[in-house]
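Novice: I'd like to ask some things about the structure below.
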Amino acid sequence: MSHYQASTALAGGLDLSSAPLFVRPGMSLFMQNYVCDLNGGYRRIRGYERYDGQPAPSALGDRAARDARRAAIAPVPGAGPVRGVAMLKGVLYAWRDNPGATACLMWKATGAGWVPVSLGTYLPYDAGAHAQPIAEGDTITNGSGASAIVRRLVISSGSFAGAPAATGRLVVDTVVGVWAAGNAVQVGGVTKAKATGPVTPHSQAAGGDYRTICHNFYGSSDRLRLYGVDGAGPAFEFDGTVFCQLKTAMPLDKPTALCVHQGYLFLAFAGGSLQNSGIGEPATFSPRLGAGEIGTGDVITDLVSTRDVLATYGRSSLHLLYGGQPNEWALKSFSSHGGCKPKTAKDIGGDVLAYDEAGLGFLQAVQAFGDFKASQASSRIEPLLAGQPSNFALMSKALGRYQLFLADRSCIVATLLGTEIKGFGRCQYAHTFVCGVVGADLAGTERQFVGGLDGYVYELERGTSFDGLPMEFILRLPYVSHGGVGVRKRYHRIQLEVSATSPFTLLLQPDYDYGTQRVSTYTLETRGAGGFWDVANWDEFVWDEGIVATPNAYLEGVASNVGFLIYGKSDEVDTFNIAAMHVYYSKRGQSRG
């Protein structure tokens, strides 16, 4: 009797929409904590662990030592969920409401844990008029013994050139004496503005939903700054030391989304208002100095700058803003039937991937200059996304992954090579994540952090567990009719190709004839893969293994088709990749009946 071998590369990810007979071999019917690897195969994800700037628990080999270090890592001080996380110059920041929910406080992750960030003070002014405006670093006086040093100049309306005069705020420190409304604001004895109130501490309102970006609007390399909005108060700027609220002239000055485009800072406000700052001046929102406003007619949910166009997503619409400066702006309606959910639109190599009621969709550039087209991206996983509320999305360029975090603690992961989706995977986390950020540490290495509903900040792609809890990982492969749909086969053996750094155990469950026959569960002992001399780390590969581990299971089934479920659960197993499977069988003749 002839024996046959069917070899299948595992690739393509989830397919939940095709009929069982038409799911391509190598794709998957169910994934939990597996994603498509950029280099092929299905990769079991790494874990995640809590973070506050102290050393990582996963850096320790002893379980008890890891548990002790984990217990020493605190949530962001305060109450309620983490409101936002951001990275600036390799440092992580987080926001959380205070226990009384009267304000939202900003915290910095350090080697000693979370430390509060002082937001500093400001002096409100109007009647700003002088040929030489107040500048950063100026010492201001009021003529009555009070003084302060200016760190930022914010112009909300008007201009120091006059008609109308400038109004706004001066961010100040080193304050001496008492300032009051009506005081002259002088530089070198020359009055340049008038104070409209005392020196006041900055504060941020409770209940915000933070979004941040980093950008350098200036020529100097050391002027990278963080810009943010929270929907509960004014936009803000932070350079790691000086905090500055960016007051506009809006009656309800509570922007909900932001983007840098063509050298302007854009802010989205309630009612569909889209506003830009002055060119290269993110603290200036005066029309006299180049700021402007455009109405979109829909609640703006996200902003993405791509290919010299500002994609302006609404709840049920998409507009594209063309032009390079305010007198050239042209807002064109692209769609009135689909927009995106908040915080889900991400630039993907010049295209945009976003999530709405219809699923994930691409906004893609076409050959004609300035033109775009829309395309559905998630038809194969439509059942997973139908009606699912989302929390936010992250894009990891280092891993090539768009990650959509849903409210049920699951995460849909699209693996991308350039702008091509290689396939979808799915994760199921043990904690609810409500915000996140991807940034670079001081060494330039990409890091991913997420804020939890429980007040903790977690780092993704770290360790082997879900913050100390075991991870369950499941892969269900499609039913395949080897040698023909109507041909009965005797299945003899299955062999996997696995790349791993340490030994672990998997359970294998064959399902015959679309699951109508189930037999024993098999144990696959997977040893760590070997390595090449002078290439692999000396202490991390198994000397008597090949480059790829090949665990086997000897089968006993007779059927027309077979599918496989591969299962594992552990808090110790590191990431691994299942790249292929080989099924060995012999034919028994045509099926009857």
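Novice: With respect to SER379, is the statement that it is hydroxyl-bearing (Ser, Thr, Tyr), surrounded by fewer than 17 Cβ atoms within 10 Å (Cβ to Cβ) and touching a residue at least 40 places away in the same chain (Cβ under 8 Å) true?
Specialist: Details: hydroxyl-bearing (Ser, Thr, Tyr): yes; surrounded by fewer than 17 Cβ atoms within 10 Å (Cβ to Cβ): yes; touching a residue at least 40 places away in the same chain (Cβ under 8 Å): yes.
When the stated conditions are applied, SER379 passes them.
Residues are listed down the side, and each one gets a yes or a no for (1) under 30 Å from PRO342 (Cα atoms); (2) modelled with pLDDT under 95:
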| position | (1), (2) |
| --- | --- |
| ARG151 | no, no |
| SER156 | yes, yes |
| LEU170 | no, no |
| ALA195 | no, no |
| PRO198 | no, no |
| GLN204 | yes, no |
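Novice: A follow-up question, please. GLN5 passes all but one of (1) within 26 Å of the chain's Cα centre (by Cα); (2) open to solvent by 50 Å² or more (accessible area, probe 1.4 Å); (3) modelled with pLDDT of 95 or more; which number fails?
Specialist: (1)
Novice: Consider LEU384 carefully, then state whether it is in a helix (DSSP H, G or I) and either hydrophobic (A, V, I, L, M, F, W, C) or in contact with a His (Cβ under 8 Å, 6 or more places away or on another chain) (or both).
Specialist: Yes.
Novice: Moving on. Sort out which residues of region 416-433 are farther than 22 Å from LYS569 by Cβ, in contact (Cβ under 8 Å) with a residue 60 or more places away in the chain and surrounded by fewer than 22 Cβ atoms within 10 Å (Cβ to Cβ), and write them in order of number.
Specialist: LEU417, GLY418, THR419, LYS422
Novice: May I pose another question? Checking the condition assigned to a strand (DSSP E or B), surrounded by fewer than 22 Cβ atoms within 10 Å (Cβ to Cβ) and touching a residue at least 12 places away in the same chain (Cβ under 8 Å), which residue from CYS214, CYS244 passes?
Specialist: CYS214
Novice: Filtering region 8-48 down to residues that are within 26 Å of SER502 (Cβ to Cβ) and of a type in the set (Lys, Arg), which residue is least open to solvent (accessible area, probe 1.4 Å)?
Specialist: ARG44
Novice: Name every residue in region 305-340 that is part of a strand (DSSP E or B), over 29 Å from THR415 (Cβ atoms) and either of a type in the set (S, T, N, Q) or open to solvent by less than 30 Å² (accessible area, probe 1.4 Å) (or both), in order of residue number. Break it down stepwise before answering.
Specialist: Keep residues of region 305-340 that are part of a strand (DSSP E or B), which gives 305-306, 309-314, 318-322, 330-335.
When the remaining residues are screened for being over 29 Å from THR415 (Cβ atoms), the result is 319, 321-322, 330-333.
HIS319, LEU321, SER333, listed by residue number.
Novice: Something else about it: Need pairs with beta-carbon distance below 7 Å; first residue polar (S, T, N, Q) and within region 340-355, second assigned to a strand (DSSP E or B); sequence gap 6+ or separate chains.
Specialist: Between residues of region 340-355 that are polar (S, T, N, Q) and residues that are assigned to a strand (DSSP E or B), the close pairs are THR344/ASP302; THR344/ALA354; THR344/TYR355; THR344/SER390; THR344/PHE392; THR344/ALA393; THR344/LEU404.
Novice: Of the residues that sit in region 434-488 and are hydrophobic (A, V, I, L, M, F, W, C), open to solvent by 10 Å² or more (accessible area, probe 1.4 Å) and part of a loop (DSSP other than H, G, I, E, B), which one is farthest from ARG50 (Cα to Cα)?
Specialist: VAL485
Novice: Sticking with this one: For a quick check of your reading of the model, give me the residue pairs whose first member lies in region 465-490 and is at positive phi, whose second is open to solvent by 40 Å² or more (accessible area, probe 1.4 Å) and in a loop (DSSP other than H, G, I, E, B), with beta-carbon atoms closer than 9 Å and at least 6 apart or on different chains.
Specialist: What qualifies is ASP467/TYR456.
Novice: Provide a single number: the residues in region 348-381 that are at pLDDT 95 or above, within 18 Å of ALA311 (Cα to Cα) and not in a strand (DSSP E or B).
Specialist: Qualifying residue count, region 348-381: 0.
Novice: Since PHE564 meets every condition but one in (1) at pLDDT 95 or above; (2) surrounded by fewer than 17 Cβ atoms within 10 Å (Cβ to Cβ); (3) not hydroxyl-bearing (Ser, Thr, Tyr), which condition does it not meet?
Specialist: The single condition PHE564 does not satisfy is (2).
Novice: Oh, and also: Scan region 392-400 and tell me whether some residue there is in contact with a helix residue (DSSP H, G or I) (Cβ under 7 Å, 6 or more places away or on another chain) and either assigned to a strand (DSSP E or B) or open to solvent by 50 Å² or more (accessible area, probe 1.4 Å) (or both).
Specialist: No, every residue in region 392-400 fails to be in contact with a helix residue (DSSP H, G or I) (Cβ under 7 Å, 6 or more places away or on another chain) and either assigned to a strand (DSSP E or B) or open to solvent by 50 Å² or more (accessible area, probe 1.4 Å) (or both).
Novice: Can you go through ALA109, ALA131, ALA74, ALA101 and tell me which one is crowded, with 20+ Cβ neighbours inside 10 Å and of a type in the set (Gly, Ala, Ser)?
Specialist: Within the list ALA109, ALA131, ALA74, ALA101, the selection yields ALA109.
Novice: Sort out which residues of region 161-202 are part of a loop (DSSP other than H, G, I, E, B) and β-branched (Val, Ile, Thr), and write them in order of number.
Specialist: VAL178, THR196, VAL199 - these are the residues of region 161-202 that are part of a loop (DSSP other than H, G, I, E, B) and β-branched (Val, Ile, Thr).
Novice: Tell me whether region 247-260 contains one or more residues that are open to solvent by 10 Å² or more (accessible area, probe 1.4 Å), free of Cβ contacts under 8 Å to residues at least 12 places away in the same chain and either more than 19 Å from ARG83 (Cβ to Cβ) or not in a loop (DSSP other than H, G, I, E, B) (or both).
Specialist: yes
Novice: Please enumerate the residues belonging to region 129-160 that are small (Gly, Ala, Ser) and in a loop (DSSP other than H, G, I, E, B).
Specialist: Once the filter is applied, which keeps residues that are small (Gly, Ala, Ser) and in a loop (DSSP other than H, G, I, E, B), region 129-160 yields ALA129, ALA131, ALA135, GLY137, GLY143, SER144, GLY145, ALA146, GLY158.
Novice: Scan region 154-166 and report the pairs whose first residue is within 17 Å of THR191 (Cβ to Cβ) and whose second residue is of a type in the set (Val, Ile, Thr), with Cβ atoms within less than 7 Å and a gap of 6+ or a chain change.
Specialist: From region 154-166, the pairs are GLY158/THR167; ALA166/ILE155.
Novice: Which of the numbered conditions does TRP179 fail, given that it passes all the others? Conditions: (1) more than 24 Å from the chain's Cα centre (by Cα); (2) surrounded by fewer than 17 Cβ atoms within 10 Å (Cβ to Cβ).
Specialist: Unmet for TRP179, out of (1) more than 24 Å from the chain's Cα centre (by Cα); (2) surrounded by fewer than 17 Cβ atoms within 10 Å (Cβ to Cβ): (2).
Novice: Exactly one of (1) at pLDDT 95 or above; (2) assigned to a strand (DSSP E or B) is unmet by LYS343. Its number?
Specialist: It is condition (2) that LYS343 fails.
Novice: Assigned to a strand (DSSP E or B), open to solvent by 20 Å² or more (accessible area, probe 1.4 Å), in contact (Cβ under 8 Å) with a residue 12 or more places away in the chain and among the aromatic types (Phe, Trp, Tyr): does that describe PHE266?
Specialist: For PHE266, the condition - assigned to a strand (DSSP E or B), open to solvent by 20 Å² or more (accessible area, probe 1.4 Å), in contact (Cβ under 8 Å) with a residue 12 or more places away in the chain and among the aromatic types (Phe, Trp, Tyr) - is not met.
Novice: While we're looking at this one, here's another question. So which of SER156, SER147 is surrounded by fewer than 19 Cβ atoms within 10 Å (Cβ to Cβ), closer than 30 Å to PRO116 by Cβ and not β-branched (Val, Ile, Thr)?
Specialist: The match here is SER147.
The values are calculated or read from the model by the stated rules, or taken from the named source; none is laboratory data. As the structure is a computational prediction, the values presented were derived from the model and not from experiment. Please note: Cβ atoms are built from the backbone with ideal geometry, for glycine as well, and neighbour counts cover all protein chains shown. Only protein heavy atoms, including side chains, enter the accessible area calculation; ligands, DNA and RNA are left aside. Shrake-Rupley method; radii C 1.70, N 1.55, O 1.52, S 1.80 Å.
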